[in-house]
Amino acid sequence: MCGIVGIIDLSKQQRADHELVWRMSQLIAHRGPDGDGFYTAPNVALGMRRLSIIDVDGSDQPLYNEDRSIAMVFNGEIYNYRELREDLLRRGHVPHTQGDGETIIHLYEEYGLDLFHHLRGMYAFALWDSNAERLVLAVDHIGMKPLYLHERDGKLLFASEVKAFFADPATPRGLNLGALDAYLGFGYMIGNETLFDGVRRLPPGHALVVDHGTDTRLYPHWQFPNVEKDGSQTRPYNDATIIQEARDLLADSVRIHLRSDVPLGLFLSGGIDSAAMLALMNRDAGGRIKTYTIGYDMDTPDNEVAQARRIAGHFQTDHHEQVINADDWWEGLQRYVYYHDEPNANPSAISLLLLAEQTAKQVKVVLTGLGGDELFGGYPHHRTMPQLLHNHESWGQYLAPMDGVLAALEAYYPAMKRFRIIGALPTYLPRIRQAIRPRDEGLMRMHSFDGMVFSDSLRQRLYGEELTAVCQRTHYRERAYADIVARSWRDDPYNTAQALVINTWLTGNALLSQDKTAMAHSLEARVPFFDPVLLKFAAEVPSELRMRSNKFVLREAMRPYLPDFALERPKQPFSTPILKWFERDLSTRIQAVLRDPAAMSRRLFNRMELDKLLDAHFSGQAQNTEVIFRLLTLELWQQKFLTVASPV
């Protein structure tokens, strides 16, 4: 696990500045405190910071092939490296290390760009083939390890985190105004754009290949399987067979994710996903497993400490708890904005940042339960999206004349949330509007909770003239989501919903947050649910079995290993008590940020409408917690990155 950086001079003028690459690496030193390494050629410079996990003493980077014609810097873990290494040895390759990363180089020698189909792991790497004058930049199948790209003046810069680009004082620090509506609508970014002007992310499951130093092309190597299209759904519809296969694949994935030469532990919540990881770890890991849980200093449904403690007690783990309050969370938010790079309004990620800080004092690796919901149908969207598609086809077109009335009501939803007697209306009325809009737009509105959080009415009131004009010209939010729908569309609406959740929330929010919060404290977070073999299996499970009840296949697969109290606990979101904190404990601090006349956001928005929104929320007239959190995160991010102020 590491951080990687580099430059390729696309104009071949030998401008790969190795001193700049060193400075870039220093800005992400938190990703790899155990060492660094560099490679320099006339038009290419590579750098990395290392967090030593496997072959601690022998896998310093860059890594090379036998004649050193290929050099690579690598971030991540290849969990099936032992099996790959044995096969490569039989084929005549001579590895120099006992580590996992070097297998990528020899796979490239053996298979070229077909190497990706052999990998089970999480990774981002930069591989330079000097004989072919080819640079390969790649990220893993699902995007567990990010890689950012910035091109200007005939040079392409790449890095594990955006902040590395600012080692060059000439790097612009502008706002990508055209993509701002996507962030405000979803609370995170969709598609490949970022809010940094001129910076994009390499899409999950893709490589960027630069041939002969100049010819650039995007090479797709994986996408979430469409079993309807590729005909791979051949497994018989037999409940017991499918559940047993799920059990076997989960156990195998956890087994190889335990490969480590340093101590490891588990992030344990009160849910079945991390409990499943613990149960399977308990079968293979030696000694008492270290588990880590975070909770809050108030009695709230968001607090998972008691349930996690009960699960830990059942498996007799070495259990550690951290309890935070509003002050802790606020201080964590300031650091989170810096370490996450991109604005991301995910309140639970701030808790994870604080948990990672304490966990990293004892272990260098943790497994997590992220992914159980996405694979096995645990989110409300897995049911509401198919219902929306049904409603759209059956009666949506006939209610189209009601659109104007429903649009006019959106302005009153925040106030409606305050009154129990009509509190459900802001949930039901938007769904009617979603059903009568065009299909892709309706899905986008449901996916982003449009109407319940952000809304057209709010955009019209809040956005300043320039932001409004740019949104109307670019339509980035709509275009990016339409592209995602095209990739995710299946004949079975439940399979469509599964793919949509994976291609938006998971890759644009959850995985990025996990990487950034853990690596901020030099902690490697592993996600066994996203083994590519397990992902393929999850796509092939018939939806009528997957959706029989919440995470039915996972619960049944784990029934032999988990106690009933863990199996039968209803689905609980991993959240934070920010609803109460934003109304009381943090009210003064939030308003100080957003009402400051010097706030950068006040140039983007209609100041009078922004103050009205804040007044309504903090006076108790309306409930705008999610909107205010997005605005707060945006403002703090601008202060960190769009000025030259010193970072945290």
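The numbers here are math on the coordinates, done by the rules we state, and not lab data. Model, not experiment: these values are computed from the prediction. Cβ: placed from backbone, ideal geometry, glycine included. Neighbour counts: every protein chain shown.
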Work out from phi, with θ = phi - 60° and the Karplus expression 6.51 cos²θ - 1.76 cosθ + 1.60, the ³J(HN,Hα) of each residue of region 548-564, listed in order in whole Hz, and give x for Gly and Pro. 4, 7, 4, 6, 4, 5, 5, 4, 5, 4, 8, 4, x, 10, 10, x, 4
Please report, for the Cα atoms of the chain, the Rg to one decimal and the Dmax as a whole number; what are they, in angstrom? 24.4, 74
For region 52-175, what class follows from the C-alpha gyration tensor (a ≥ b ≥ c being the square roots of its eigenvalues): rounded when a/c is under 1.5, otherwise prolate if a/b is larger than b/c, else oblate? prolate
Listed peptides 79-85, 583-589, 345-351 by packing density, highest first (mean Cβ within 10 Å): 345-351, 79-85, 583-589
Computed on Cα atoms only, the convex hull of region 160-255 has an orientation-averaged projected area in nm² of 11.5 nm²
Expressed as a fraction of 2.2 N^0.38 Å, the rule-of-thumb size for a compact globular protein of N residues, what is the C-alpha radius of gyration of region 426-478? 1.18
With a Förster radius of 22 Å, plug the Cβ-Cβ distance of R23 and T216 into 1/(1 + (r/R0)^6) and report the FRET value to the nearest 0.05. 0.35
Estimated inter-spin distance, V262 and E83, nm [label 7 Å along Cα→Cβ]: 2.6 nm
Given an 8 Å cut-off on Cα distances and at least 6 residues of separation, report the relative contact order of the chain as a percent. 16 percent
Looking at the square roots a ≥ b ≥ c of the eigenvalues of the Cα gyration tensor of region 1-59, which shape do they give, rounded for a/c under 1.5, prolate if a/b is larger than b/c, or oblate? prolate
Rounded to the nearest 500, what is the 222 nm mean residue ellipticity of the chain from helices alone, with -39500 (n - 2.57) per DSSP H run of 4+ residues and division by all residues? -12500 deg cm²/dmol
Can you say what percent of the DSSP beta bridges in the chain, counting only those with both residues inside, are antiparallel? Round to 5. 75 percent
Rounded to whole angstrom, the alpha-carbon centroid of region 50-85 lies from that of region 136-166 at a distance of 19 Å
Working note, region 1-108: Cα radius of gyration (Å, one decimal) and Dmax (Å, whole number) are 14.4, 42
Give the lysines reachable from K12 as a straight Cα distance under 26 Å; neighbours fewer than 8 places away on the same chain don't count. K155, K163
If you wrap a convex hull around the alpha carbons of region 2-220, what volume per residue comes out, as a whole number of Å³? 117 Å³
Calculate, for H96 and D318, the FRET efficiency according to 1/(1 + (r/R0)^6) with r their C-beta to C-beta distance and R0 45 Å; round to the nearest 0.05. 0.75
Taking H placed 1.01 Å from N in the peptide plane, check which residues at least 5 places from M122 or on another chain put their amide H under 5 Å from its amide H. E77, Y79
Ranked packing of 402-411, 607-616, most packed first, by mean Cβ within 10 Å: 607-616, 402-411
Normalized C-alpha radius of gyration of region 512-618, against 2.2 N^0.38 Å? 1.70
